[in-house]
């Protein structure tokens, strides 16, 4: 089954207090209809972001999600197309009308995230400085699998085959739903293990079959990972123009016969 226009109305979530939204399904290549990578999990009134590429806050505004309610941002790696709106987010949080009532929030990422944000603050002088109690930065070991509990969710991570410090996230909710957000990755046995049995695997498919690029997946490689992991639904995203010019679904179907969704911006995913 291929779902190209998945909506909340067509596929109501099992948990009405939970939404999973693809905010940006593109890459660092500017496209008018695909923003840079980001996904939002809304759970019991809490907002969690996975990556925050350029334009993420605008995408949130388009679906009436306030940046003031973000509880935690999970970063997969430190490339600009996955992190650039951290600048906008921190700067917007400095607004006096926001900071007065802003609950503390966290930024979790791979090794180097603390230095990365510190260097951004240095580059922008005082424009990105926040009260110490507002922004809490957490750095995870990028070289091994980890498991950690946060408010309302359990997170498991594993290294990915993209950069030396890139990680993927598995999210498990108290009511039983689960998904994996890969970020950028090449083929990886770690991703297969992380995604075992999840309801939804959100996986990159950057380049078409036959034009493989190291550190990225093709649709058929993504399908093989999904089949090997036994996932219920595969959502492909992070498409470069070269991939968009091909039949992505047919390539994926070479190795995957489960439920398939080709991701698009502002797509609501039921779990």
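Any number yet on Rg/Rh for region 57-174, C-alpha, Kirkwood?
On the way: Rg = 14.6 Å, Rh = 15.2 Å.
Ratio of gyration radius to Kirkwood radius: 0.96.
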Check your understanding: Which stretch or stretches of region 250-271 have amide N atoms under 12 Å from the point lying 7 Å from residue 15's Cα along the Cα→Cβ direction?
Key -> 271
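Need the full-extension length gain, residue 66 to residue 44, defined as separation in residues times 0.36 nm minus the C-alpha distance. One decimal, nm. Please list the in-between numbers first.
Details: separation 22, 0.36 × 22 = 7.92 nm, distance 1.49 nm.
Going from the current span to full extension adds 6.4 nm.
How would you rank 31-44, 244-257, highest first, on the average number of other Cβ atoms within 10 Å across their residues? Before the final figure, lay out the partial values.
Details: 31-44: 20.4, 244-257: 16.8.
Sorting 31-44, 244-257 by mean packing, highest first, produces 31-44, 244-257.
Place the peptides 175-185, 116-126 in order of packing, highest mean first, counting for every residue the other Cβ atoms within 10 Å and averaging per peptide. Intermediate results must be reported in sequence, preceding the final value.
Values: 175-185: 22.7, 116-126: 12.9.
Ranked from most to least packed, the peptides come out as 175-185, 116-126.
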Practice item. Would you kindly state how much longer the chain becomes between residue 196 and residue 120 on full extension, computed as 0.36 nm times their sequence separation minus their alpha carbon distance, in nm to one decimal? Key: 23.7 nm
Practice item. List the relative contact order of the chain as a percent without decimals, with contacts defined as Cα pairs under 8 Å and 6+ residues apart. Key: 20 percent
Point to revise | Per-residue [θ]222 nm for the chain (sum of -39500 (n - 2.57) over DSSP H runs n ≥ 4, rounded to 500) | key: -5500 deg cm²/dmol
Point to revise | Förster radius 51 Å - calculated FRET efficiency between residue 127 and residue 232 (Cβ-Cβ, nearest 0.05) | key: 0.70
Exercise for review: Working from Cα positions, state the angle (0 to 90°, nearest 10) between the long axis of helix 113-123 and the longest principal axis of the chain.
Suggested key: 50 degrees
Review point. When you count, for each residue, the other Cβ atoms within 10 Å and take the mean per peptide, how do 89-96, 144-151, 21-28 rank with the highest first?
Key: 21-28, 89-96, 144-151
Review point. So what's the angle, to the nearest 10 degrees on a 0 to 90 scale, between helix 219-229 and the longest Cα principal axis of the chain?
Key: 90 degrees
Study note, to complete from the structure: With label points set 7 Å from each Cα along the Cα-to-Cβ direction at residue 91 and residue 244, the distance between them in nm comes to 2.5 nm
**Study point:** Alpha-carbon centroid distance for the pair region 39-55 / region 137-171, whole angstrom
**Key:** 16 Å
Study note, to complete from the structure: Once both label points are put 7 Å beyond Cα along the C-beta direction, the residue 101-residue 151 separation in nm becomes 1.6 nm
Check your understanding: Assuming a viscosity of 0.692 mPa s and a temperature of 37 °C, what translational diffusion coefficient in µm² per second does Stokes-Einstein assign to the chain, Rh being the Kirkwood radius over Cα pairs?
Key -> 177 µm²/s
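Where a number appears in this text, it was derived from the coordinates with a stated rule and is not lab data. Note that this is a predicted model, so its numbers are computed, not measured. No Cβ is skipped: glycine too gets one built from the backbone with ideal geometry, and neighbour counts run over all protein chains shown.
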